[in-house]
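Colleague: Here's a structure for you.
The values are calculated or read from the model by the stated rules, or taken from the named source; none is laboratory data. In this text, all values refer to a predicted model and were calculated from it rather than measured experimentally. All Cβ positions, glycine included, derive from the backbone under ideal geometry; neighbour counts span all protein chains shown. Note: accessible area is taken over every heavy atom of the protein model, side chains too, but ligands, DNA and RNA are not part of it. Shrake-Rupley method; radii C 1.70, N 1.55, O 1.52, S 1.80 Å.
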Amino acid sequence: LLDSQEISQDKLKMYTTQLKNTLGYTQELLDNLLKWATTQMKGFMPVPVKINLAEIVDQILSSFSDSIARKQIIIENNIHDQTLVFADREMLLCVIRNLISNAIKFSYAHKTVQLSVRNENNFKVLCIKDDGIGISQEKLALMNDTSAQMVNSSRGTSQEKGNGLGILLCKSFVGLMNGKLFFYSEPGKGTEAKVSLPSV
């Protein structure tokens, strides 16, 4: 439309936010689809290495800075600098990106998203907690069912789109990394995602 001069700069500015949200959703969907396609290849195996969890989380939070600012969400990041886990880097990025994305998506404006880590035997447990809309017990049971093949998506508090593929990828990747993923939630009381990963 710009090339053919069929839309003015003023009108384009009106659509900028909507375009940005749509492109963000499309990029997230394509990224998840490519990751899923990779897992379907024969002989695909994770490559676990020593990873600083704090660096990964900082990197992902930086990529969501626009969404965080737009909703004016408060991020409480309590992950210590030298929190080390044994995981596949690309898988871990995908898992944490999806979980933080959901925490932002389903949070109300001006609310808090908390990130923390605790030690549990030979595992580090990453907790991502939001003060958002929460999840029904029926959907929560499906999300925590390791054999479930599909989780229906819901729109976020600002009508952000979802596709349901992210949670399936997270469950698959965490399992391949010898970890566990579990969700706790109540409608209207937010959601907490807990990811257990082998500690270094």
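Colleague: Would you be able to tell me the number of residues in region 63-79 that are more than 23 Å from Gln27 (Cα to Cα), under 17 Å from the mean Cα position of the chain (by Cα) and in a loop (DSSP other than H, G, I, E, B)?
Modeller: The total comes to 1.
Colleague: In region 105-118, which residue that is in contact with an Asp or Glu (Cβ under 8 Å, 6 or more places away or on another chain) and outside any strand (DSSP E or B) is farthest from Ile51 (Cα to Cα)?
Modeller: The extreme case among them is Tyr108.
Colleague: Give the residue, chosen from His110, His80, that is under 28 Å from Leu23 (Cβ atoms), open to solvent by 70 Å² or more (accessible area, probe 1.4 Å) and modelled with pLDDT of 90 or more.
Modeller: Step by step, each of His110, His80 is checked, and only His110 is under 28 Å from Leu23 (Cβ atoms), open to solvent by 70 Å² or more (accessible area, probe 1.4 Å) and modelled with pLDDT of 90 or more.
Colleague: Please go through region 169-200 and pick out each residue that is in a loop (DSSP other than H, G, I, E, B), open to solvent by 70 Å² or more (accessible area, probe 1.4 Å) and not aliphatic (A, V, I, L, M).
Modeller: Asn178, Glu186, Pro187, Lys189
Colleague: Hey, among Ile79, Ile96, Ile74, which residue is aliphatic (A, V, I, L, M) and without any contact (Cβ under 8 Å) to a residue 40 or more places away in the chain?
Modeller: After applying the criteria, what remains is Ile74.
Colleague: Further, regarding this structure: Taking Gln82, is it more than 20 Å from Ser196 (Cα to Cα) and over 13 Å from the mean Cα position of the chain (by Cα)?
Modeller: When the stated conditions are applied, Gln82 does not pass them.
Colleague: Same structure, new question: On the given criteria, is Ala87 open to solvent by less than 70 Å² (accessible area, probe 1.4 Å), of a type in the set (Gly, Ala, Ser) and modelled with pLDDT under 85?
Modeller: Criteria not met by Ala87.
Colleague: If you don't mind, another one. If a residue has to be without any contact (Cβ under 8 Å) to a residue 40 or more places away in the chain and either more than 15 Å from Leu197 (Cβ to Cβ) or part of a helix (DSSP H, G or I) (or both) to count, how many in region 46-60 make the cut?
Modeller: So the answer is 4.
Colleague: Same structure, new question: Can you spot a residue in region 119-127 that is aromatic (Phe, Trp, Tyr), within 25 Å of Val47 (Cα to Cα), at pLDDT 90 or above and part of a strand (DSSP E or B)?
Modeller: Yes, region 119-127 contains at least one residue that is aromatic (Phe, Trp, Tyr), within 25 Å of Val47 (Cα to Cα), at pLDDT 90 or above and part of a strand (DSSP E or B).
Colleague: Still on this structure, please answer the following. Among the numbered criteria (1) modelled with pLDDT under 90; (2) open to solvent by 70 Å² or more (accessible area, probe 1.4 Å); (3) touching a Gly at 6+ places or on another chain (Cβ under 9 Å), which one does Ser158 miss?
Modeller: Result: Ser158 passes all but (3).
Colleague: Name every residue in region 117-145 that is crowded, with 16+ Cβ neighbours inside 10 Å and among the hydroxyl-bearing types (Ser, Thr, Tyr), in order of residue number.
Modeller: Result: no residue meets the conditions.
Colleague: Taking Gln137, is it farther than 13 Å from Leu181 by Cα and over 17 Å from the mean Cα position of the chain (by Cα)?
Modeller: Considered against the rule, which asks whether it is farther than 13 Å from Leu181 by Cα and over 17 Å from the mean Cα position of the chain (by Cα), Gln137 comes out as yes.
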